[in-house]
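**Q** So that we are looking at the same thing, I have put the structure below in structure tokens.
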Amino acid sequence: MNHSASGAIKKIGAKITSLPVTDRALMLEQSLDHLPVGVTVYDENFELLAWNKTVVEILRTPPDVFRKGMPVRELVHHMAVTGFYGEGDSEQLTNHRLRQMGEGALTWEEKLKDGRILEFRGSRPPDGGYVYITQDVTAQRQAESATKELATIISSSDASILSLSPDGVITSWNAGAEHLYGYTAEEAIGQPFRQLSGSQAEIDAQNSIWQRVVHGETIKQEATRRTHKDGRSFYISLTMSPILNDDGEVVGVSGIAHDVTERLEAEQALAKQRDELESLNRQKNRLFSIIAHDLRTPFNSLLGFSEILSENAADLAPADVSEYARMMHQSAAQANALLENLLDWSRLQMGGLQSEPRPFDVAVAIEKALSFNAAGAAAKNIMTERLESPLLTVLADPQMVETVLRNLIGNAVKFTERDGIVSIEAHREGGEVIVTIRDNGIGMPPERLAHLFEFETGASTAGTDGEKGTGLGLQLCKELIDLQGGSLSVESTLGQGSTFRFTLPSAI
């Protein structure tokens, strides 16, 4: 029985007992009809003295069923016969209910066949008899059941579910929250929610969201960082909702969070794989383009000049034969260099090209690379300068270093105007040997420089004498230097030349 009904009955009782006996019965009946609960009053023999309209409505009986002096057995039997107590023999049901009352059971509940739940609460007034209060508690019991179910769900949920006061203090904390954050309920309840945010930047971001929630807005964050009790960071999806009272005022905040760290890591791994596949596809397309176009050019020259020689050698002057032979050799060297780069780069991508480092003098590799590019430099009257310090022994793969030097010096010659200068400098600095190739050629604009080592972009520029290029050589150089544990960098200004610099580990 609720407190308001109980208080009302006490007030009515006090007022009735102050009246003359002849007026008490009338006053009792009139007063009971104003109560929100059903009331039945019995004498010591369980004969009906008074009742109100509410009990008739709750029991859903015809109004003429109740009468003064009616034995309680008659009322209970009527209820049993009409199915009030559910299925079963009416006499047995009647005797069961009367036995409950006779044994002094003053409070019990009945679950009716129509689904309602009624509560009967009895009392013994000081002057004798019995008073029974009858209430329909269906909604109350359903709410209590729902609350228990919700509490069970919350306590057993894998999700972190917690509630907060309007000023951000934790007021409830389930097992999911303990697992997610590492704090027990005893450690968390009563503490400010901001302790879960970690860094000051995260706290500031959370405070901004908090202000929106306490003003009535529901906020969902897909991936926000939090800090575990042990100090590690993790990511959660978080929904924060205001808790409103009957007047629509915010009296608290609920927070439901799920750990999305693994999901984010999986998404990042998939994104990385996608990017790698796209890069490989671009590289494949670029490689096919080189094979289809750039490799065809020197072979076309070889075929053309060899055809002229084979058909007209007897009629050609020695000087012409020498010139055709020179051009054939140049085309063959170009094709060979391109094939070497293609093979080396392909083996790198498939993991078949392994570095075999050993001590050797980098000056020897410089000499070989200069000799390889001597004909190209001479054809453009380009002067090559060397500046080397002693003891340039490096720990690297000689063949790979020679490939890098051959490509970088060849590029310097290719992009330097006639009568220009290409210089090669090598010196020791700490535990490294630094090799610098510098030219006073045409240089590069910033946008070209930004993608210089990206083979799949297909960025390539013809040389100052129209020399063909693929862009593969620089990509190969970078990967070969990385494989040695060194680094490759470039500086360039349009119209003022370029400087390539790479490092190798010193062997001494």
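Coordinate-derived values only; no laboratory data. Small disclaimer: the values here were computed from a predicted structure and weren't measured. Note: ideal-geometry Cβ built from the backbone for every residue, glycine included; neighbour counts use all protein chains shown.
**Q** Between L494 and residues 5 or more places away or on another chain, which pairs have amide H atoms under 5 Å apart, with H built 1.01 Å from N, and which residues are they?
**A** M444
**Q** Using the Karplus curve 6.51 cos²θ - 1.76 cosθ + 1.60 with θ = phi - 60°, what ³J(HN,Hα) values do you get for each residue of region 387-396, in whole Hz, with x for Gly and Pro?
**A** Here the 3J(HN,Hα) series is 9, 10, 8, x, 6, 9, 6, 10, 10, 7 Hz.
**Q** Which aspartates and glutamates have a Cα less than 13 Å from the Cα of K414, not counting those fewer than 8 places away in the same chain?
**A** Leaving aside aspartates and glutamates fewer than 8 places away in the same chain, those within reach of K414 are D439, D465, E467.
**Q** Amide H neighbours of N52 under 5 Å, counting only residues 5+ apart in sequence or on other chains, H built in-plane at 1.01 Å?
**A** V39
**Q** Given R₀ = 56 Å, FRET efficiency for I117-A266 by Cβ-Cβ distance, to 0.05? Let's see the in-between values first.
**A** Details: r = 50 Å, r/R0 = 0.89.
Using R0 = 56 Å, I get an efficiency of 0.65.
**Q** Mind giving me the FRET efficiency for E388 and A333? R0 is 30 Å, r the Cβ-Cβ distance, nearest 0.05 is fine. Intermediate results must be reported in sequence, preceding the final value.
**A** Working: r = 26 Å, r/R0 = 0.86.
Taking R0 as 30 Å, the efficiency between E388 and A333 is 0.70.
**Q** Once the other residues with Cβ under 15 Å from the Cβ of L112 are scored (Lys, Arg +1; Asp, Glu -1), what is the net sum?
**A** Taking every Cβ under 15 Å from that of L112, the sum is -1.
**Q** Determine ³J(HN,Hα), in whole Hz, for all residues of region 493-508 in sequence, where each value follows from phi through the Karplus function 6.51 cos²θ - 1.76 cosθ + 1.60 and θ = phi - 60°; x replaces Gly and Pro.
**A** Each residue of region 493-508 in turn: 10, 4, x, 10, x, 9, 10, 9, 9, 9, 10, 9, x, 6, 8, 10 Hz.
**Q** Sticking with this one: How much length is gained on full extension from L309 to A223, taking 0.36 nm per residue of separation minus their Cα-Cα distance?
**A** Values: separation 86, 0.36 × 86 = 30.96 nm, distance 7.20 nm.
Fully extending the segment from L309 to A223 adds 23.8 nm.
**Q** Distance in nm between label sites at R274 and L316, each 7 Å beyond Cα in the beta-carbon direction?
**A** 5.7 nm
**Q** How much length is gained on full extension from D167 to N207, taking 0.36 nm per residue of separation minus their Cα-Cα distance? Mind showing how you got there, number by number?
**A** Values: separation 40, 0.36 × 40 = 14.40 nm, distance 1.09 nm.
Result: 13.3 nm gained on full extension.
**Q** Right, something else. Exceeding 31 Å between C-alpha atoms, which entries from my cross-link table qualify? They are K111/K220; K220/K272; K68/K113; K272/K478; K113/K148.
**A** K111/K220
**Q** Suppose the chain between R141 and E110 were pulled fully straight at 0.36 nm per residue; how much longer would it get relative to their current alpha carbon spacing?
**A** 10.0 nm
**Q** Just flag the trypsin sites (Lys or Arg not before Pro) in region 371-428 sitting in loop per DSSP whose Cβ has no more than 10 other Cβ atoms within 10 Å.
**A** In loop regions of region 371-428 (DSSP not H, G, I, E or B), the sparsely surrounded trypsin sites (Lys or Arg not before Pro) are R418.
**Q** Here's something else I'd like to know. Can you compute the FRET efficiency between E249 and H451 using 1/(1 + (r/R0)^6), with r the Cβ-Cβ distance and R0 = 51 Å? Round to the nearest 0.05.
**A** 0.30
**Q** For the pair H34/H179, report the inter-label distance in nm, with labels modelled 7 Å from Cα in the Cβ direction.
**A** 5.7 nm
**Q** Which value, to two decimals, describes the C-alpha radius of gyration of region 157-259 once divided by 2.2 N^0.38 Å?
**A** That ratio works out to 1.00.
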